[in-house]
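Structure first, then comments.
The values are calculated or read from the model by the stated rules, or taken from the named source; none is laboratory data. Keep in mind that this is a model prediction, so the values were computed, not measured. Using ideal geometry, Cβ is built from the backbone for each residue, glycine included, and neighbour counts are taken over all protein chains shown.
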Amino acid sequence: MNVIEINQLTKYYGKHRGIENVNFSVEEGEIFGFIGPNGSGKSTTIRALLSLIHPTSGTATIFGKDCIKYGSELRRNIGYLPSEVFYYDHMKVIEVLKYSASFYDDVDYTRIQTLADVMDLDLNKRIDDLSYGNKKKVGIVQGLLHEPKLIILDEPTGGLDPLIQQKFFDLIRTENKKGATVLFSSHILSEVQKLCGRVAIIKDGTIVKIENIRNMQKHNYKKFTLEYRGVIDVHHFNLDGITNLTLNENTLHFLFKGDINRIVERLQGQALLNMLVEEPNLEEIFMHYYQKED
Amino acid sequence: MNILKQELRMGRKSLIIWCLSLAGILVLFMLIYPSISSQLEDFQKVFKSFPLEFQRALGVVDLKLDTILSYYQFPFTYILLAGAVQAMNMGVAVISSEVREKTGDFLFVKPVTRNRIISMKILAVLVQILITNAFVFVAALITVTILSAEPYNVKLFVLITSSLLFIQIFFASLGLFVSAFLRRIRTVLPISMGVVFIFYIIFLLNETLKDEKLGLISPFGYFDLSELSKTMNYDSLYLLLWFVLVGLFIFLTFRLFARKDLPSI
(Lines give C-alpha, C1' and ligand atoms only; values in the text may rest on other atoms or scores of the structure.)
Protein backbone atom coordinates (compact mmCIF):
# COMPACT_ATOMS: atom_id res chain seq x y z
CA MET A 1 0.00 0.00 0.00
CA ASN A 2 1.18 3.49 -0.79
CA VAL A 3 1.16 5.86 2.12
CA ILE A 4 1.93 8.87 -0.03
CA GLU A 5 0.93 9.20 -3.65
CA ILE A 6 1.78 12.34 -5.54
CA ASN A 7 0.34 12.81 -9.03
CA GLN A 8 1.42 15.61 -11.33
CA LEU A 9 1.70 17.96 -8.40
CA THR A 10 2.44 21.50 -9.52
CA LYS A 11 2.78 24.66 -7.51
CA TYR A 12 3.43 28.10 -8.85
CA TYR A 13 3.90 31.13 -6.62
CA GLY A 14 2.49 33.65 -9.03
CA LYS A 15 4.80 33.22 -12.01
CA HIS A 16 7.55 31.80 -9.89
CA ARG A 17 7.92 28.05 -10.17
CA GLY A 18 7.74 25.97 -7.01
CA ILE A 19 7.39 22.46 -8.37
CA GLU A 20 6.22 21.07 -11.68
CA ASN A 21 4.50 17.74 -12.33
CA VAL A 22 6.02 15.96 -9.38
CA ASN A 23 5.17 12.28 -9.28
CA PHE A 24 6.23 9.74 -6.74
CA SER A 25 4.80 7.45 -4.15
CA VAL A 26 6.02 6.21 -0.82
CA GLU A 27 5.15 2.70 0.25
CA GLU A 28 4.07 1.75 3.71
CA GLY A 29 6.92 1.01 6.05
CA GLU A 30 9.75 2.42 3.97
CA ILE A 31 12.14 5.24 4.61
CA PHE A 32 11.99 7.26 1.47
CA GLY A 33 14.69 9.78 0.70
CA PHE A 34 13.99 13.03 -1.05
CA ILE A 35 17.11 14.81 -2.22
CA GLY A 36 17.85 17.98 -4.05
CA PRO A 37 19.74 21.20 -3.52
CA ASN A 38 18.24 24.22 -1.82
CA GLY A 39 15.38 25.73 -3.77
CA SER A 40 14.73 22.62 -5.83
CA GLY A 41 11.22 22.18 -4.45
CA LYS A 42 11.59 19.71 -1.60
CA SER A 43 9.93 21.94 0.96
CA THR A 44 7.24 23.02 -1.50
CA THR A 45 6.27 19.39 -2.05
CA ILE A 46 6.25 18.69 1.66
CA ARG A 47 4.28 21.83 2.46
CA ALA A 48 1.67 20.79 -0.08
CA LEU A 49 1.43 17.36 1.56
CA LEU A 50 0.76 19.09 4.88
CA SER A 51 -1.75 21.44 3.22
CA LEU A 52 0.24 24.43 4.35
CA ILE A 53 0.10 25.52 0.72
CA HIS A 54 -2.43 24.77 -1.97
CA PRO A 55 -1.18 23.13 -5.17
CA THR A 56 -1.80 24.90 -8.47
CA SER A 57 -2.67 21.57 -10.09
CA GLY A 58 -2.24 17.88 -9.51
CA THR A 59 -3.12 15.89 -6.44
CA ALA A 60 -1.47 14.26 -3.49
CA THR A 61 -2.97 11.62 -1.28
CA ILE A 62 -1.87 10.35 2.09
CA PHE A 63 -3.24 7.03 3.34
CA GLY A 64 -5.40 7.10 0.22
CA LYS A 65 -7.10 10.40 1.05
CA ASP A 66 -6.67 13.77 -0.59
CA CYS A 67 -4.24 15.73 1.52
CA ILE A 68 -5.99 19.08 1.15
CA LYS A 69 -9.57 17.90 1.56
CA TYR A 70 -8.90 15.62 4.50
CA GLY A 71 -5.98 17.64 5.80
CA SER A 72 -6.92 17.97 9.43
CA GLU A 73 -7.94 14.32 9.73
CA LEU A 74 -4.75 13.09 8.04
CA ARG A 75 -2.48 15.29 10.12
CA ARG A 76 -3.52 13.30 13.18
CA ASN A 77 -1.18 10.58 11.94
CA ILE A 78 1.59 12.77 10.63
CA GLY A 79 4.63 13.92 12.52
CA TYR A 80 6.46 16.80 10.89
CA LEU A 81 9.84 18.26 11.57
CA PRO A 82 10.49 21.46 9.60
CA SER A 83 13.97 22.47 8.51
CA GLU A 84 13.87 25.45 10.81
CA VAL A 85 11.90 25.26 14.01
CA PHE A 86 10.20 28.18 15.69
CA TYR A 87 8.08 28.07 18.80
CA TYR A 88 6.39 30.55 21.08
CA ASP A 89 9.43 32.25 22.55
CA HIS A 90 8.28 32.98 26.07
CA MET A 91 7.07 29.44 26.71
CA LYS A 92 8.99 26.67 28.39
CA VAL A 93 9.91 23.58 26.42
CA ILE A 94 7.55 21.41 28.44
CA GLU A 95 4.69 23.86 27.88
CA VAL A 96 5.21 23.81 24.13
CA LEU A 97 5.30 20.03 24.13
CA LYS A 98 2.17 19.76 26.24
CA TYR A 99 0.42 22.28 23.99
CA SER A 100 1.47 20.21 21.01
CA ALA A 101 0.24 17.00 22.67
CA SER A 102 -3.12 18.59 23.46
CA PHE A 103 -4.00 18.48 19.76
CA TYR A 104 -3.94 14.69 19.65
CA ASP A 105 -6.11 12.08 21.30
CA ASP A 106 -4.59 9.44 23.55
CA VAL A 107 -1.11 10.87 23.78
CA ASP A 108 1.18 9.05 26.14
CA TYR A 109 2.58 11.97 28.13
CA THR A 110 5.42 9.89 29.57
CA ARG A 111 6.79 9.80 26.03
CA ILE A 112 7.73 13.48 26.36
CA GLN A 113 10.17 12.62 29.12
CA THR A 114 11.43 9.48 27.37
CA LEU A 115 12.12 11.27 24.11
CA ALA A 116 13.64 14.25 25.88
CA ASP A 117 16.00 11.92 27.73
CA VAL A 118 17.08 10.26 24.50
CA MET A 119 17.67 13.60 22.81
CA ASP A 120 19.27 15.08 25.92
CA LEU A 121 16.83 17.99 26.09
CA ASP A 122 16.16 20.14 29.14
CA LEU A 123 12.37 20.46 29.44
CA ASN A 124 12.38 23.38 31.85
CA LYS A 125 14.24 25.88 29.73
CA ARG A 126 12.49 28.71 27.96
CA ILE A 127 12.34 28.44 24.18
CA ASP A 128 14.13 31.75 23.64
CA ASP A 129 17.05 30.53 25.77
CA LEU A 130 17.61 27.52 23.54
CA SER A 131 20.34 27.21 20.95
CA TYR A 132 19.46 26.33 17.38
CA GLY A 133 20.33 22.69 17.90
CA ASN A 134 18.29 22.45 21.07
CA LYS A 135 15.28 24.01 19.36
CA LYS A 136 15.65 21.34 16.76
CA LYS A 137 15.49 18.73 19.50
CA VAL A 138 12.21 20.24 20.67
CA GLY A 139 11.05 19.85 17.09
CA ILE A 140 12.05 16.19 17.05
CA VAL A 141 10.26 15.39 20.30
CA GLN A 142 7.24 17.41 19.18
CA GLY A 143 7.12 15.60 15.86
CA LEU A 144 7.39 12.12 17.28
CA LEU A 145 5.52 12.32 20.53
CA HIS A 146 2.12 11.33 19.21
CA GLU A 147 3.61 8.21 17.56
CA PRO A 148 2.69 9.21 14.01
CA LYS A 149 2.24 6.63 11.27
CA LEU A 150 3.88 8.94 8.79
CA ILE A 151 6.95 10.96 9.70
CA ILE A 152 7.90 13.82 7.41
CA LEU A 153 11.36 15.23 7.95
CA ASP A 154 12.46 18.32 6.08
CA GLU A 155 16.24 18.66 6.32
CA PRO A 156 16.10 17.55 9.92
CA THR A 157 19.74 17.33 10.91
CA GLY A 158 20.84 20.95 10.59
CA GLY A 159 22.23 22.20 13.88
CA LEU A 160 22.50 18.77 15.47
CA ASP A 161 25.94 17.55 16.47
CA PRO A 162 27.05 14.14 15.12
CA LEU A 163 26.29 12.35 18.38
CA ILE A 164 22.73 13.65 18.55
CA GLN A 165 22.34 13.06 14.84
CA GLN A 166 23.17 9.42 15.43
CA LYS A 167 20.63 9.21 18.25
CA PHE A 168 18.09 10.89 16.04
CA PHE A 169 18.68 8.40 13.23
CA ASP A 170 18.33 5.55 15.72
CA LEU A 171 15.05 7.05 16.88
CA ILE A 172 13.76 7.26 13.32
CA ARG A 173 14.82 3.68 12.66
CA THR A 174 13.02 2.52 15.81
CA GLU A 175 9.84 4.31 14.77
CA ASN A 176 10.23 2.82 11.31
CA LYS A 177 10.55 -0.68 12.72
CA LYS A 178 7.39 -0.08 14.73
CA GLY A 179 5.66 0.55 11.42
CA ALA A 180 6.02 4.25 10.70
CA THR A 181 6.64 5.34 7.14
CA VAL A 182 9.24 8.07 6.76
CA LEU A 183 9.71 10.75 4.12
CA PHE A 184 13.18 12.13 4.61
CA SER A 185 14.16 15.24 2.70
CA SER A 186 17.75 16.36 2.69
CA HIS A 187 20.51 17.89 0.66
CA ILE A 188 23.11 15.91 2.58
CA LEU A 189 23.40 12.67 0.69
CA SER A 190 25.41 10.64 3.11
CA GLU A 191 22.61 10.76 5.66
CA VAL A 192 20.05 9.73 3.06
CA GLN A 193 22.40 6.95 2.09
CA LYS A 194 22.57 5.78 5.68
CA LEU A 195 18.85 5.74 6.29
CA CYS A 196 16.80 5.41 3.15
CA GLY A 197 15.81 2.53 0.90
CA ARG A 198 14.54 4.44 -2.08
CA VAL A 199 15.22 7.95 -3.07
CA ALA A 200 13.69 10.58 -5.32
CA ILE A 201 16.00 13.18 -6.76
CA ILE A 202 14.50 16.57 -7.44
CA LYS A 203 16.02 19.34 -9.47
CA ASP A 204 14.55 22.69 -10.47
CA GLY A 205 11.10 21.62 -9.34
CA THR A 206 10.94 18.35 -11.24
CA ILE A 207 11.78 14.80 -10.24
CA VAL A 208 14.89 13.71 -12.10
CA LYS A 209 14.95 10.11 -10.96
CA ILE A 210 13.55 7.69 -8.44
CA GLU A 211 15.80 4.83 -7.60
CA ASN A 212 16.63 2.20 -5.09
CA ILE A 213 19.69 3.33 -3.22
CA ARG A 214 21.40 -0.03 -3.55
CA ASN A 215 20.82 -0.25 -7.28
CA MET A 216 22.10 3.21 -7.62
CA GLN A 217 25.31 2.46 -5.82
CA LYS A 218 26.08 -1.14 -6.69
CA HIS A 219 24.77 -2.04 -10.06
CA ASN A 220 25.17 1.04 -12.04
CA TYR A 221 28.25 2.96 -11.20
CA LYS A 222 31.88 2.30 -10.48
CA LYS A 223 34.27 4.93 -9.40
CA PHE A 224 37.69 4.64 -11.02
CA THR A 225 40.90 6.20 -9.86
CA LEU A 226 43.89 5.63 -12.13
CA GLU A 227 47.39 6.76 -11.32
CA TYR A 228 49.69 6.96 -14.34
CA ARG A 229 53.37 6.89 -14.81
CA GLY A 230 53.88 9.66 -17.31
CA VAL A 231 51.42 11.63 -19.43
CA ILE A 232 47.77 10.71 -19.60
CA ASP A 233 45.86 10.77 -22.82
CA VAL A 234 42.40 11.78 -21.74
CA HIS A 235 40.94 11.06 -25.15
CA HIS A 236 41.70 7.47 -24.54
CA PHE A 237 38.72 7.41 -22.23
CA ASN A 238 36.37 9.16 -24.56
CA LEU A 239 33.82 6.47 -24.02
CA ASP A 240 30.07 6.24 -23.53
CA GLY A 241 29.15 5.76 -19.89
CA ILE A 242 32.00 7.76 -18.47
CA THR A 243 31.14 10.83 -16.45
CA ASN A 244 32.67 13.18 -13.95
CA LEU A 245 36.04 12.81 -15.59
CA THR A 246 38.67 14.82 -13.77
CA LEU A 247 42.40 14.97 -14.22
CA ASN A 248 44.74 15.73 -11.37
CA GLU A 249 48.42 15.84 -12.45
CA ASN A 250 48.84 12.17 -13.22
CA THR A 251 45.73 10.87 -11.54
CA LEU A 252 42.50 10.31 -13.39
CA HIS A 253 39.07 10.04 -11.73
CA PHE A 254 35.83 9.09 -13.37
CA LEU A 255 32.52 7.33 -12.86
CA PHE A 256 31.59 4.57 -15.19
CA LYS A 257 28.24 2.99 -15.92
CA GLY A 258 28.13 -0.01 -18.23
CA ASP A 259 30.14 -3.06 -19.20
CA ILE A 260 33.29 -3.06 -17.12
CA ASN A 261 35.21 -4.99 -19.79
CA ARG A 262 35.31 -1.97 -22.00
CA ILE A 263 37.35 -0.15 -19.42
CA VAL A 264 39.65 -3.14 -19.02
CA GLU A 265 40.20 -3.15 -22.77
CA ARG A 266 41.29 0.45 -22.68
CA LEU A 267 43.67 -0.17 -19.84
CA GLN A 268 45.75 -2.73 -21.71
CA GLY A 269 49.23 -1.52 -22.45
CA GLN A 270 48.91 1.48 -20.16
CA ALA A 271 51.63 2.27 -17.69
CA LEU A 272 49.75 2.43 -14.42
CA LEU A 273 51.14 3.12 -10.99
CA ASN A 274 47.96 2.38 -9.15
CA MET A 275 44.33 1.68 -9.78
CA LEU A 276 41.26 1.86 -7.54
CA VAL A 277 37.76 0.68 -8.40
CA GLU A 278 35.20 1.70 -5.76
CA GLU A 279 31.50 2.07 -5.11
CA PRO A 280 30.80 5.73 -5.67
CA ASN A 281 29.13 7.59 -2.88
CA LEU A 282 25.78 9.10 -3.55
CA GLU A 283 27.17 12.56 -3.80
CA GLU A 284 29.14 11.66 -6.86
CA ILE A 285 26.22 9.96 -8.53
CA PHE A 286 24.12 12.87 -7.61
CA MET A 287 26.41 15.43 -9.19
CA HIS A 288 26.12 13.38 -12.32
CA TYR A 289 22.33 13.72 -12.33
CA TYR A 290 22.66 17.40 -11.90
CA GLN A 291 25.29 17.98 -14.53
CA LYS A 292 23.48 16.04 -17.18
CA GLU A 293 21.44 18.98 -18.33
CA ASP A 294 23.91 21.75 -17.78
CA MET B 1 -10.25 24.96 23.49
CA ASN B 2 -6.51 24.50 23.77
CA ILE B 3 -5.94 27.16 21.12
CA LEU B 4 -8.20 29.60 22.95
CA LYS B 5 -6.37 28.96 26.21
CA GLN B 6 -3.02 29.40 24.52
CA GLU B 7 -4.10 32.67 22.87
CA LEU B 8 -5.42 34.09 26.13
CA ARG B 9 -2.20 33.12 27.87
CA MET B 10 -0.11 34.79 25.24
CA GLY B 11 -2.20 37.95 25.27
CA ARG B 12 -2.45 38.12 29.04
CA LYS B 13 0.30 40.61 29.70
CA SER B 14 -0.68 43.03 27.00
CA LEU B 15 -4.34 42.77 28.04
CA ILE B 16 -3.53 43.72 31.62
CA ILE B 17 -1.49 46.70 30.46
CA TRP B 18 -4.23 47.89 28.12
CA CYS B 19 -6.96 47.50 30.76
CA LEU B 20 -4.96 49.40 33.36
CA SER B 21 -3.98 52.20 30.99
CA LEU B 22 -7.45 52.67 29.52
CA ALA B 23 -9.12 52.70 32.92
CA GLY B 24 -6.27 54.76 34.38
CA ILE B 25 -6.53 57.49 31.76
CA LEU B 26 -10.29 57.62 32.10
CA VAL B 27 -10.20 57.85 35.88
CA LEU B 28 -7.45 60.45 35.77
CA PHE B 29 -9.44 62.66 33.41
CA MET B 30 -12.56 62.23 35.51
CA LEU B 31 -10.73 63.27 38.67
CA ILE B 32 -10.24 66.71 37.16
CA TYR B 33 -14.00 67.09 36.96
CA PRO B 34 -14.71 68.22 40.56
CA SER B 35 -12.11 70.96 40.41
CA ILE B 36 -13.35 72.39 37.14
CA SER B 37 -17.07 71.70 37.45
CA SER B 38 -17.62 75.14 38.97
CA GLN B 39 -15.88 76.77 36.03
CA LEU B 40 -17.62 74.72 33.38
CA GLU B 41 -19.79 77.63 32.35
CA ASP B 42 -16.70 79.64 31.58
CA PHE B 43 -15.39 76.78 29.48
CA GLN B 44 -18.63 76.74 27.61
CA LYS B 45 -18.24 80.45 26.84
CA VAL B 46 -14.74 79.83 25.56
CA PHE B 47 -15.97 77.09 23.28
CA LYS B 48 -18.79 79.27 22.03
CA SER B 49 -16.25 81.88 20.96
CA PHE B 50 -14.60 79.41 18.58
CA PRO B 51 -15.53 79.38 14.88
CA LEU B 52 -18.48 77.09 14.21
CA GLU B 53 -16.45 74.58 12.13
CA PHE B 54 -13.99 74.29 14.96
CA GLN B 55 -16.76 73.78 17.48
CA ARG B 56 -18.19 71.02 15.35
CA ALA B 57 -14.82 69.32 15.03
CA LEU B 58 -14.51 69.36 18.78
CA GLY B 59 -18.07 68.15 19.15
CA VAL B 60 -19.10 71.06 21.33
CA VAL B 61 -21.78 72.76 19.22
CA ASP B 62 -24.74 71.87 21.36
CA LEU B 63 -22.65 71.40 24.43
CA LYS B 64 -24.21 71.79 27.80
CA LEU B 65 -21.52 71.19 30.32
CA ASP B 66 -23.93 71.02 33.18
CA THR B 67 -23.77 67.32 33.98
CA ILE B 68 -20.99 64.92 34.72
CA LEU B 69 -21.87 62.81 31.67
CA SER B 70 -21.48 65.69 29.26
CA TYR B 71 -17.98 66.04 30.62
CA TYR B 72 -17.49 62.24 30.63
CA GLN B 73 -17.80 61.97 26.85
CA PHE B 74 -14.64 64.02 26.33
CA PRO B 75 -12.17 61.67 27.96
CA PHE B 76 -14.20 58.78 26.66
CA THR B 77 -13.56 59.87 23.08
CA TYR B 78 -9.89 59.19 23.71
CA ILE B 79 -10.71 55.86 25.31
CA LEU B 80 -12.57 54.97 22.13
CA LEU B 81 -9.57 55.96 20.07
CA ALA B 82 -7.09 54.01 22.18
CA GLY B 83 -9.46 51.08 22.51
CA ALA B 84 -9.81 50.99 18.74
CA VAL B 85 -6.02 50.73 18.42
CA GLN B 86 -5.93 47.95 21.00
CA ALA B 87 -8.67 45.98 19.27
CA MET B 88 -7.20 46.44 15.83
CA ASN B 89 -3.80 45.37 17.14
CA MET B 90 -5.33 42.16 18.39
CA GLY B 91 -7.26 41.60 15.19
CA VAL B 92 -4.26 42.12 12.95
CA ALA B 93 -1.84 40.20 15.15
CA VAL B 94 -3.83 37.20 16.25
CA ILE B 95 -3.44 35.21 13.04
CA SER B 96 -0.55 37.01 11.37
CA SER B 97 1.69 36.44 14.39
CA GLU B 98 1.83 32.76 13.49
CA VAL B 99 3.44 33.76 10.21
CA ARG B 100 5.56 36.54 11.66
CA GLU B 101 6.89 34.50 14.55
CA LYS B 102 7.19 31.57 12.15
CA THR B 103 5.17 29.33 14.41
CA GLY B 104 2.70 28.55 11.62
CA ASP B 105 4.62 25.42 10.76
CA PHE B 106 3.81 24.24 14.25
CA LEU B 107 0.15 25.16 14.56
CA PHE B 108 -1.08 24.59 11.03
CA VAL B 109 0.25 21.01 10.82
CA LYS B 110 -1.75 20.02 13.87
CA PRO B 111 -4.87 17.96 13.27
CA VAL B 112 -7.22 20.93 13.32
CA THR B 113 -8.88 22.66 10.41
CA ARG B 114 -7.91 26.18 9.52
CA ASN B 115 -11.44 27.33 10.18
CA ARG B 116 -11.24 25.99 13.67
CA ILE B 117 -7.94 27.74 14.33
CA ILE B 118 -9.38 30.98 13.04
CA SER B 119 -12.61 30.60 15.03
CA MET B 120 -10.66 29.98 18.21
CA LYS B 121 -8.42 32.96 17.57
CA ILE B 122 -11.39 35.21 16.87
CA LEU B 123 -13.02 33.94 20.04
CA ALA B 124 -9.85 34.75 21.96
CA VAL B 125 -9.94 38.33 20.64
CA LEU B 126 -13.59 38.63 21.57
CA VAL B 127 -12.95 37.38 25.10
CA GLN B 128 -10.15 39.90 25.53
CA ILE B 129 -12.35 42.70 24.23
CA LEU B 130 -15.09 41.71 26.66
CA ILE B 131 -12.62 41.68 29.55
CA THR B 132 -11.34 45.12 28.55
CA ASN B 133 -14.87 46.48 28.37
CA ALA B 134 -15.92 44.98 31.67
CA PHE B 135 -12.85 46.45 33.32
CA VAL B 136 -13.33 49.92 31.83
CA PHE B 137 -17.06 49.84 32.55
CA VAL B 138 -16.61 49.03 36.22
CA ALA B 139 -13.82 51.56 36.64
CA ALA B 140 -15.91 54.24 34.93
CA LEU B 141 -19.04 53.38 36.89
CA ILE B 142 -17.26 53.63 40.21
CA THR B 143 -15.54 56.89 39.28
CA VAL B 144 -18.62 58.60 37.90
CA THR B 145 -20.78 57.47 40.82
CA ILE B 146 -18.30 58.76 43.38
CA LEU B 147 -17.66 62.06 41.61
CA SER B 148 -21.23 62.89 40.75
CA ALA B 149 -22.91 64.98 43.40
CA GLU B 150 -26.36 64.45 41.93
CA PRO B 151 -27.95 61.40 40.35
CA TYR B 152 -26.97 61.01 36.70
CA ASN B 153 -28.62 59.48 33.66
CA VAL B 154 -27.64 55.81 33.94
CA LYS B 155 -28.94 54.93 30.49
CA LEU B 156 -26.76 57.57 28.88
CA PHE B 157 -23.77 56.36 30.87
CA VAL B 158 -24.34 52.80 29.67
CA LEU B 159 -24.81 53.97 26.08
CA ILE B 160 -21.61 56.01 26.08
CA THR B 161 -19.55 53.36 27.80
CA SER B 162 -20.87 50.48 25.68
CA SER B 163 -19.88 52.25 22.48
CA LEU B 164 -16.34 51.07 23.32
CA LEU B 165 -17.50 47.49 22.82
CA PHE B 166 -18.95 48.23 19.40
CA ILE B 167 -15.93 50.23 18.29
CA GLN B 168 -13.54 47.53 19.46
CA ILE B 169 -15.43 44.71 17.76
CA PHE B 170 -15.50 46.74 14.57
CA PHE B 171 -11.77 47.41 14.55
CA ALA B 172 -10.87 43.89 15.63
CA SER B 173 -12.81 42.43 12.70
CA LEU B 174 -11.32 45.00 10.36
CA GLY B 175 -7.89 44.00 11.66
CA LEU B 176 -8.61 40.33 11.03
CA PHE B 177 -9.66 41.12 7.49
CA VAL B 178 -6.53 43.20 6.90
CA SER B 179 -4.32 40.40 8.20
CA ALA B 180 -6.07 37.92 5.91
CA PHE B 181 -5.71 40.25 2.99
CA LEU B 182 -2.03 41.17 3.30
CA ARG B 183 0.53 38.52 2.49
CA ARG B 184 2.95 39.12 5.28
CA ILE B 185 2.73 41.67 8.06
CA ARG B 186 6.01 42.71 9.59
CA THR B 187 4.78 45.13 12.23
CA VAL B 188 1.29 45.48 13.60
CA LEU B 189 1.19 48.81 15.42
CA PRO B 190 1.81 51.12 12.42
CA ILE B 191 -1.05 49.44 10.56
CA SER B 192 -3.55 49.66 13.37
CA MET B 193 -2.52 53.19 14.44
CA GLY B 194 -2.66 54.36 10.85
CA VAL B 195 -6.06 52.88 10.10
CA VAL B 196 -7.63 54.00 13.37
CA PHE B 197 -6.38 57.56 13.03
CA ILE B 198 -7.45 57.82 9.41
CA PHE B 199 -10.95 56.77 10.43
CA TYR B 200 -10.88 59.23 13.31
CA ILE B 201 -9.76 62.09 11.08
CA ILE B 202 -12.53 61.24 8.61
CA PHE B 203 -14.95 61.39 11.51
CA LEU B 204 -13.61 64.76 12.68
CA LEU B 205 -13.73 66.14 9.14
CA ASN B 206 -17.29 65.01 8.80
CA GLU B 207 -18.26 66.68 12.03
CA THR B 208 -17.56 69.88 10.15
CA LEU B 209 -18.80 68.83 6.72
CA LYS B 210 -21.84 66.90 7.98
CA ASP B 211 -21.84 64.85 4.77
CA GLU B 212 -24.14 61.87 5.12
CA LYS B 213 -22.20 59.57 2.78
CA LEU B 214 -18.89 60.41 4.39
CA GLY B 215 -20.54 59.63 7.71
CA LEU B 216 -21.01 56.06 6.60
CA ILE B 217 -17.26 55.55 6.25
CA SER B 218 -16.08 56.10 9.78
CA PRO B 219 -17.25 53.84 12.60
CA PHE B 220 -16.51 56.64 15.03
CA GLY B 221 -19.45 58.44 13.46
CA TYR B 222 -21.71 55.45 14.07
CA PHE B 223 -21.32 55.98 17.78
CA ASP B 224 -20.99 59.74 17.93
CA LEU B 225 -21.01 60.49 21.64
CA SER B 226 -22.39 64.03 21.31
CA GLU B 227 -25.27 62.66 19.22
CA LEU B 228 -25.91 60.00 21.85
CA SER B 229 -26.69 62.51 24.54
CA LYS B 230 -29.32 64.08 22.28
CA THR B 231 -31.01 60.99 20.86
CA MET B 232 -30.45 58.75 23.90
CA ASN B 233 -30.05 55.76 21.60
CA TYR B 234 -27.79 54.30 18.94
CA ASP B 235 -28.78 55.14 15.39
CA SER B 236 -30.43 52.00 14.01
CA LEU B 237 -29.13 52.55 10.47
CA TYR B 238 -25.57 52.81 11.74
CA LEU B 239 -26.08 49.85 14.01
CA LEU B 240 -27.23 47.80 11.03
CA LEU B 241 -24.27 48.99 8.98
CA TRP B 242 -21.94 48.05 11.83
CA PHE B 243 -23.45 44.60 11.98
CA VAL B 244 -23.18 44.04 8.22
CA LEU B 245 -19.58 45.24 8.05
CA VAL B 246 -18.40 43.19 11.01
CA GLY B 247 -20.10 40.14 9.51
CA LEU B 248 -18.53 40.80 6.14
CA PHE B 249 -15.02 41.23 7.57
CA ILE B 250 -15.28 38.01 9.57
CA PHE B 251 -16.69 36.13 6.59
CA LEU B 252 -13.88 37.37 4.33
CA THR B 253 -11.29 36.50 6.95
CA PHE B 254 -12.45 32.88 6.87
CA ARG B 255 -12.69 32.86 3.10
CA LEU B 256 -9.26 34.35 2.46
CA PHE B 257 -7.48 32.25 5.05
CA ALA B 258 -8.94 29.02 3.77
CA ARG B 259 -7.07 29.47 0.50
CA LYS B 260 -4.00 31.18 1.85
CA ASP B 261 -0.55 29.68 1.45
CA LEU B 262 1.66 29.76 4.48
CA PRO B 263 4.91 31.29 3.30
CA SER B 264 7.83 29.01 4.00
CA ILE B 265 10.37 30.16 6.49
- Spot the failing condition for A:Leu163; the list is (1) touching a helix residue (DSSP H, G or I) at 6+ places or on another chain (Cβ under 9 Å); (2) part of a helix (DSSP H, G or I), and only one is missed. (1)
- Query: Applying the selection to the stretch B:214-261, what residues are of a type outside the set (A, V, I, L, M, F, W, C) and either over 26 Å from B:Pro75 (Cα atoms) or within 14 Å of chain A (Cβ to nearest Cβ) (or both)?
  - Reply: B:Gly247, B:Thr253, B:Arg255, B:Arg259, B:Lys260, B:Asp261
- Task: Residue by residue through the stretch A:1-57, note down the ones that are at the interface with chain B (Cβ under 10 Å from one of its Cβ atoms), β-branched (Val, Ile, Thr) and more than 18 Å from the chain's Cα centre (by Cα).
- Result: A:Ile53
- Task: Return the total of residues in the stretch A:58-102 being more than 8 Å from chain B (Cβ to nearest Cβ) and of a type in the set (Asp, Glu).
- Result: 2
- Message: Criterion first (surrounded by fewer than 17 Cβ atoms within 10 Å (Cβ to Cβ) and part of a strand (DSSP E or B)) does A:His253 satisfy it?
- Response: yes
- Quick one: which residue in A:Asp122, A:Asp106, A:Asp117, A:Asp89 is surrounded by fewer than 17 Cβ atoms within 10 Å (Cβ to Cβ), more than 26 Å from the chain's Cα centre (by Cα) and modelled with pLDDT of 90 or more? A:Asp122
- Message: Condition first: free of Cβ contacts under 8 Å to residues at least 60 places away in the same chain and β-branched (Val, Ile, Thr). Now tell me which residues in the stretch B:139-160 satisfy that.
- Response: B:Ile142, B:Thr145, B:Ile146, B:Val154, B:Val158
- Query: Take the residues of the stretch B:1-34 that are modelled with pLDDT under 90 and assigned to a helix (DSSP H, G or I): which is nearest to the other protein chains (Cβ to nearest Cβ)?
  - Reply: B:Ile32
- Test result for B:Ser96, closer than 25 Å to B:Ala140 by Cα, assigned to a helix (DSSP H, G or I) and either away from chain A (no Cβ under 14 Å) or touching a residue at least 40 places away in the same chain (Cβ under 8 Å) (or both): no
- Item | Number of the exception - B:Asp42 against (1) in contact (Cβ under 8 Å) with a residue 12 or more places away in the chain; (2) assigned to a helix (DSSP H, G or I); (3) among the acidic types (Asp, Glu) | (1)
- Item | Matching residues, the stretch B:158-199, being aromatic (Phe, Trp, Tyr) and surrounded by fewer than 18 Cβ atoms within 10 Å (Cβ to Cβ) | B:Phe181, B:Phe197
- Message: Just checking, does the stretch B:5-13 include any residue being surrounded by fewer than 19 Cβ atoms within 10 Å (Cβ to Cβ) and of a type in the set (S, T, N, Q)?
- Response: no
- Failed condition for A:Asp128, given (1) within 13 Å of chain B (Cβ to nearest Cβ); (2) assigned to a loop (DSSP other than H, G, I, E, B); (3) touching a residue at least 24 places away in the same chain (Cβ under 8 Å), with all others met? (2)
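Yes/no matrix, rows are residues, columns are (1) in contact with a Phe, Trp or Tyr (Cβ under 9 Å, 6 or more places away or on another chain); (2) in a helix (DSSP H, G or I); (3) away from chain A (no Cβ under 14 Å):
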| residue | (1), (2), (3) |
| --- | --- |
| B:Val46 | no, yes, yes |
| B:Glu53 | no, yes, yes |
| B:Leu69 | yes, yes, yes |
| B:Ala82 | yes, yes, yes |
| B:Pro111 | yes, no, no |
| B:Ile117 | yes, yes, no |
| B:Ile146 | no, yes, yes |
